[in-house]
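Below is one structure, written out as C-alpha cells; the observations come after it.
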Amino acid sequence: MTSSENIVIYGINYAPEIAGVGRYSGEIGAHLAAEGHRVCVVTAPPHYPGWRVQKPHRNGWAREVLAGADLYRCPLYLSEQMKGVRRLLAPLSFAASSAPVALWTILRRRPSVVLVVEPTLFVAPVALLAARLVGARTVLHVQDLEVEAAFAVGHLGRGGLLARVAGAYDRAMVRRFSRIVTISNRMAEKIIDKGADASKVAIVRNWVDLDQVRPDQDAGAYRRELGISAGTYVALYSGNLGAKQGVRLIWEAAEHLRDRPGILFLVAGDGPMRSELAQAAARLPNLRLLDFQPEHRFGEFLSMADVHLLPQEREAADLLLPSKLGGMLASAKPIIVTADPDTELADFLGTSCKLTPPGDSAALAASVSQAAESDPDPVLRAERLTLAGQLAKTSGIAQFVKAALFLQRADAPSDARPIAA
C-alpha cells in the first residue's frame, strides 16, 4: 500500500464483539487505523453470539469512533429464537438497513479499497456497485461460507429451490471481487469451485494474541473464585453456543459421565443453544454454565482447563475453521476435537490433539475420561505450541494486510501474492 489508504470495511460483525468474526474485523480495522490509514466501517450494533444488542448500544442507526476508525452502525432483525428463517432475516435486514449508508459512505469518501466481510454476503451487491462507481478495489474476507453452512446445519432446510437460488447468488458474487481472502485451504477450494479466479484467492488463518494467552498461566485464583477445587479435572469449552459448534455433544458427554467423580464440564459463552445448555446444567451435577469471562482474563481462564473441548458438526466441518482454536493451542493444554480425519481441522492439527467422531457423545465422554486418567504428553504439548506460533497475531494481521490490500498494484513488492499460512 501507499503511505495512507482510504479503506471502507463493510460487515455485520465488528468490535467490541469478542467472539468470532467481530473480533478479527475489529482488530484489522484498529491495525489499519494505527498504521495511519483512514478507516471507515459500516456494521451492525454488537450482537454476536447472543443475538441481542450489547449494552450500552441500541439496535438503531448510530455513529461512533472506535480505535481510530469511523463507525456507522445500522440496525438488524433480532429475536430470542434465532433459528430457521430468522437466521436469514438477520443478515437480510442488515443488508437493507445498511445499503443507503454504505452507498453514501463509499460515494462520499471515495475509498481506494472496499473490504466486505462474509458473513454476510448479502451486502455484496451494494458494495460492488459503489466500489465500481468510485474506482475502488474490492476485497472479500470469507470467515464463514454462510450459504452452505445455513443449509448444512438445517437452518434453511437441506436443499430445494431456495438452496439453488442461494447457491447461484453466492457464485455470482464471489466472481466479482478483486481479491478474496479466506481462512482455510478447504474453504479456498470451495470458493474456487464457485468460479473465483484461483490467482485472486489467498489464505490467511485467524490469529491469536500470544501475549494474552500464554502457557502455564496460574489459574489457581480463577478456580478458587469459581469454587472449583484443585483436584477437579476441568473439560472446558469457551465460545459461541450455536448449532454449527455442536455444543449438544458437551451436555450429552456430561450425561455419560454424570456418575464419574472428579470431572467437571465447564462451558462459558452465549448463543442460540444457551437455554438448552442451561436446562442440562440444571440437572447434571458435572456440567456448569458461565457467561463469557472478562476479556482481560481470557488467557488465565483458558489456563484453568485440564482439557479443551472443540466440538463441531460434521456437515459444517470444512465450511468454517473455529476461531477459538488459536487460544486453545496457545494455552498448550490438551484438546479433544470432534472431526473426521480427512477434514481441514484434522489436517492442520495433525497428531497434536485427540480426534473423536462428530456426533458421537459416547466417544467424546470416553476421551475425556481417558484424558483425566493420563498424564499430559510433553511432546504433544510442544506440537500445540508450535501450531500456536504459526497463528501469532502480529504476523497474521501483517499477512492479511499484504494479501488483501496490495492487489497486484504497480507499487506492490514482487512477493505480494496469495499466502497459504
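Miscellaneous remarks
- One Cα centroid belongs to region 376-393, the other to region 28-44; the line between them spans 31 Å.
- Rounded tilt (10° steps) of 274-283 against the dominant C-alpha axis of the chain: 10
- Of D259, D347, the sequence from fewest to most neighbouring Cβ atoms within 10 angstrom is D259, D347.
- In straight-distance terms, cross-link reach from K190 covers every one of the lysines whose alpha-carbon lies under 20 Å from its own, apart from those fewer than eight places away in the same chain; here that gives K200, K244.
- Ranking of F94, F298 by neighbouring Cβ atoms within 10 Å, starting from the fewest: F298, F94.
- The angle between the Cα long axis of helix 21-34 and the longest principal axis of the Cα atoms of the chain comes to about 50 degrees, rounded to the nearest 10.
- Comparing mean-square fluctuations of S98, S112, S25 from a GNM of the chain with C-alpha springs under 10 Å, the top value falls on S112.
- Region 261-331: trypsin sites (Lys or Arg not before Pro) in DSSP loop, at most 16 other beta carbons within 10 Å: none
- Relative to the Cα centre, the charge distribution of region 220-390, modelled as +1 at Lys and Arg Cβ and -1 at Asp and Glu Cβ, gives a dipole magnitude of about 560 debye.
- Between helix 361-372 and the chain there is an angle of about 70 degrees, using the helix long axis and the longest principal axis of the Cα atoms.
- Of Y72, Y14, Y222, the residue with the greatest mean-square motion in the GNM of the chain, using alpha carbon springs below 10 Å, is Y222.
- Most simply put, the chain has about 10% antiparallel DSSP beta bridges, counting only bridges with both residues inside it.
- Measuring nothing but how far apart in sequence close Cα pairs (under 8 Å, 6+ apart) lie, relative to its length, the chain scores a relative contact order of 15 percent.
- For region 160-222, the mean projected area of the C-alpha convex hull, equal to one quarter of the hull surface, is 7.7 nm².
- The charge dipole of the chain, taken about its Cα centre with unit charges on the Cβ atoms of Lys, Arg (+1), Asp and Glu (-1) only, comes to about 1500 debye.
- At full extension, L161 and D216 could sit 14.6 nm farther apart than now, given 0.36 nm per residue minus the alpha carbon distance.
- Residues of type lysines that K333 reaches as a straight line, Cα spacing below 21 Å, ignoring anything fewer than 8 places off in the same chain: K324, K354, K393
Coordinate-derived values only; no laboratory data. Here the structure is a predicted model, which is why all the values come from computation and not from measurement. Positions of Cβ are generated from backbone atoms using ideal geometry, with glycine treated the same way; all protein chains shown enter the neighbour counts.
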